[in-house]
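The block underneath contains the structure these notes are about, expressed in structure tokens.
The values are calculated or read from the model by the stated rules, or taken from the named source; none is laboratory data. As the structure is a computational prediction, the values presented were derived from the model and not from experiment. FYI the Cβ positions are ideal-geometry reconstructions off the backbone, even for glycines, and counts take in every protein chain you see.
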Amino acid sequence: MPTSFNAVVTDAFDEWSQGYGKIQHTTETISIVEKYLSSLCDAADDEQSAVLNALKLLKAADRICSASMWLVAHMTYAKRVSMAGNTLNIDDFKEKAQGHTGGALNMTPAYTGYLLANALNGKTRSWIMGQGHCVAAIEAVNAITGNQYEEKASLYSCDDEGLSHLCNDYYRYDLNADGQLESHVGSHVNIHTAGGISEGGYLGFTSLQYVHMPLPGQELVTFLSDGAFEEQRGSDWAPRWWRASDTGLVAPVMIDNGRRIDQRTLMVQEGGTSYFKQHLALHDFDPVTIDGSDPAAYAIAIINAMELLSKRGQEAESGLSSYPVKIPYIIAEVAKGYGLPAAGTNAAHSLPLGDSLVEDEKARADFNEATAKLHVSVQELADSVKMLNNHTNSGRVREKDHPLRVLKHVNLTLPDDNYSEVGKSVSCLAQIDHWFNDLILCNKALRFRLGNPDEIQSNRMKATVRSLKHRVTSPEDQALESLKGGVITALNEEAVASAVLANKQGIGLVVSYEAFAMKMLGAMRQEAIFSRNLQTANRSVGWISIPFIATSHTWENGKNEQSHQDPKFAENWICEMSDVAPVYFPIDANTAQTVLKSVYRTHGKIAALVTAKKALPVVTTEDEAKQAANEGLFIAVEESNPDIQLIAIGGYQLQACLSAAKALQAGSIKCSVVALLEPGRFRVPRDKTEAAYCHDSATIKRIIPESPLRIFVTHTGAEIMAGVLRLLDLGPHKTTFLGYNNQGGTLSLEGMLNVNGQSAQDIENVAKVMIKAEDNS
């Protein structure tokens, strides 16, 4: 310690530097802590008090970390804990152990370090964890520190009964009388995880999202895994997107334990940490390595990273430097499963002591020996928790209520509508572009993000691009590019989708070729699931719904061969729950605009809009478009007692049905035509929440005219819609589904319809066959 510190401070520092059990401090960590403590002397009026308080926090974190690692081990293997540290017997262990124990043990000092950084600074930062399977670390630390939501606080108190309950609820598969999970503790982060904002089940997406999350004034600590580094392209672009003017501070933290499930990570095989540091430096990061087993190392590294990025951001904004600024990147080196036997081996990933201690006496002995080294006495732990929980004294919220978990309400001003005249031919995307551009102009204080996996102007979003501009670090075309642009452009669907999904404190839109939107589904699904779980638990979602427009789609992309003729984006998304994952098929420019507007009136939904970019005849008035968006259907041709009914799903399908209906009517066949804009509203609901969103049988009977025969002509494959629309199916002899039959090539629109049996002539022929069969029956 510096000679200016007196003996009291020096003794306290020396006591901390000796470590606590398995929590030991390297020379490097001691050095950075000493430097940090010295900096407190320059900032505090009472130097000794500030330094002594910091040292008490550091000591408290060591003990909380050790106790939490002890609890993680028990969550995997034990049915009962002994806060007194008594040896567990054979009856105290689970028959079948479960857990991602190695990663959770590594995450424990990381998350404890995050809490310590907050306590040292008196500032509650946000956090997100990409490796959601390491949730035991978060649950253990939260239970010990009392950072819990109401439904868990009473169950998992920091005593023998509460922590034993936690152990038994971990990987508990029981259902309650309502068919819901009995336990609030998941295998990954869930809505009951205090402060959790992402499941972290789809590895790699967090690394694409974190840089787009915080607003200025907010700070986000992001925990990443070296295994997930292999998963998604685009994480190394974060410095290209970060700007101090519209983005808060971020601190990426890589848990570098060198192993995934089966073997060493590719990072290790490429050369380990030295290779990774070179990779990061090439992509405008500023890597720093720390001891990944020490909460103090994490805490000081987080504090330093935030301060350094803040300084660099200010310099870039003032013109003293330029973007991209180098983002500090923390690499925490640690053996996989540090704290239990088998650390650093493949066995450490899940169950380092095997899958059943009941059947293995040696493993039981190893468990008791290892956990004894992690145990903290009841009083010492209580004192440490009281010390670290300085939220009241520092006037800050608990970590369960960090800013990115409790989002502030966004006030969105919707622009005036601009409907097209019936009979004109108008591009749906062009009309969306004009309306969305007006939305931007009405809400200049909000952060807009448009996800663009290339060809945004080809997709008719020209006005929007000129308003928001592509986000680049060195603009080439001032009219279309800007250092602070809101269009995130990369030829990578996952990266641009993640940028928009992360912008929950602003307004988002994604516009993609339909065929390539398939790559976005994993990121979309993770968000929809988490949102739905919040809503079913009556918790606030907070963010305005996000539309994903799939255009240049199957039926208008004939010229680009079958790789571009793929409706599976909608087919997959319509299998999700309709109340949070609606799928729309606008039929003209007016319904496209109205549906988009309706999406922005809602919260917590990830909506898919399968929308034509080429001009289509406008078939709806303003009032009809609003009613169609509200009910999910449009009656295009009314007929009181039809011989047959044509039901179209898609704009081009409606045009084909209208042509077929005209020909049928010319032959004295009475025919009605209905367009389903939102087929999911007409499905058999799969639970109570979806039932509240879908139309009930009485409503369906009221809004869809009856008919003895029906032909469905759908944008998607026939089988998908046949399953979704069983309530409208009159039976195999009275209903025919015509869909995309996986036929294509280099074709025109007419050619695509012909080879897939959806031309007006095809529909007319099928109708006549069905009517003849009905007459003969």
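More than 27 Å from residue 234 (Cα to Cα), out of contact with any Cys (no Cβ under 8 Å at 6 or more places or on another chain) and either among the acidic types (Asp, Glu) or outside the structural domain of residue 158 (by TED's automatic domain parsing) (or both): does that describe residue 397? Can you show your working first?
Details: more than 27 Å from residue 234 (Cα to Cα): yes; out of contact with any Cys (no Cβ under 8 Å at 6 or more places or on another chain): yes; either among the acidic types (Asp, Glu) or outside the structural domain of residue 158 (by TED's automatic domain parsing) (or both): yes.
It is true that residue 397 is more than 27 Å from residue 234 (Cα to Cα), out of contact with any Cys (no Cβ under 8 Å at 6 or more places or on another chain) and either among the acidic types (Asp, Glu) or outside the structural domain of residue 158 (by TED's automatic domain parsing) (or both).
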Matching option when the condition is farther than 26 Å from residue 248 by Cα and in contact (Cβ under 8 Å) with a residue 12 or more places away in the chain, among 356, 274: 356
Residue 771 vs (1) buried (at least 16 other Cβ atoms within 10 Å of the Cβ); (2) within 36 Å of the chain's Cα centre (by Cα): all pass except (2)
Can you name every residue in the range 407-448 that is hydroxyl-bearing (Ser, Thr, Tyr) and assigned to a loop (DSSP other than H, G, I, E, B)? 413, 419, 420
Just wondering, is there one or more residues in the range 645-665 that are part of a loop (DSSP other than H, G, I, E, B) and surrounded by fewer than 24 Cβ atoms within 10 Å (Cβ to Cβ)? no
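Residues being acidic (Asp, Glu) and without any contact (Cβ under 8 Å) to a residue 24 or more places away in the chain: count how many of those fall in the range 396-433.
1
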Residue list for the range 23-63, filter: more than 14 Å from residue 297 (Cβ to Cβ) and outside any helix (DSSP H, G or I): 44, 45, 46
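Table: residues versus (1) buried (at least 19 other Cβ atoms within 10 Å of the Cβ); (2) of a type in the set (D, E, K, R); (3) out of contact with any Leu (no Cβ under 7 Å at 6 or more places or on another chain).
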| residue | (1), (2), (3) |
| --- | --- |
| 396 | no, yes, yes |
| 399 | yes, yes, no |
| 404 | yes, no, no |
| 416 | no, yes, yes |
| 424 | no, yes, yes |
| 429 | yes, no, yes |
| 432 | yes, no, no |
Going through the range 325-344 in order, the residues found to be in contact (Cβ under 8 Å) with a residue 12 or more places away in the chain and either surrounded by fewer than 17 Cβ atoms within 10 Å (Cβ to Cβ) or part of a loop (DSSP other than H, G, I, E, B) (or both) are 325, 326, 334, 335, 336, 337, 338, 339, 340, 341, 343, 344
Which one of these is surrounded by 22 or more Cβ atoms within 10 Å (Cβ to Cβ), assigned by TED's automatic domain parsing to the domain that holds residue 307, more than 19 Å from residue 255 (Cβ to Cβ) and of a type in the set (A, V, I, L, M, F, W, C): 52, 58? 58
Options 102, 113: the member that is under 25 Å from the mean Cα position of the chain (by Cα), within 20 Å of residue 401 (Cα to Cα), part of a helix (DSSP H, G or I) and touching a residue at least 24 places away in the same chain (Cβ under 8 Å): 113
Among (1) over 17 Å from residue 570 (Cα atoms); (2) assigned to a helix (DSSP H, G or I), which single condition is residue 478 missing? (2)
With the structure loaded, tell me whether residue 542 is in the same structural domain as residue 596 (by TED's automatic domain parsing), within 16 Å of the chain's Cα centre (by Cα) and modelled with pLDDT under 95 or whether it fails that test. yes
Those residues of the range 720-757 which are outside any loop (DSSP other than H, G, I, E, B), buried (at least 18 other Cβ atoms within 10 Å of the Cβ) and modelled with pLDDT of 95 or more amount to 720, 721, 722, 724, 728, 735, 736, 737, 738
Selection within the range 575-589 - of a type in the set (Gly, Ala, Ser), farther than 23 Å from residue 423 by Cβ and in contact with a strand residue (DSSP E or B) (Cβ under 9 Å, 6 or more places away or on another chain): 581
Number of the exception - residue 307 against (1) within 28 Å of the chain's Cα centre (by Cα); (2) touching a residue at least 12 places away in the same chain (Cβ under 8 Å): (2)
Could you tell me which residue of the range 77-125 is surrounded by the fewest Cβ atoms within 10 Å (Cβ to Cβ), considering only residues that are among the charged types (D, E, K, R) and within 23 Å of residue 210 (Cα to Cα)? 123
Right, residue 700: in a helix (DSSP H, G or I) and either under 20 Å from residue 550 (Cβ atoms) or free of Cβ contacts under 8 Å to residues at least 12 places away in the same chain (or both) or not? no
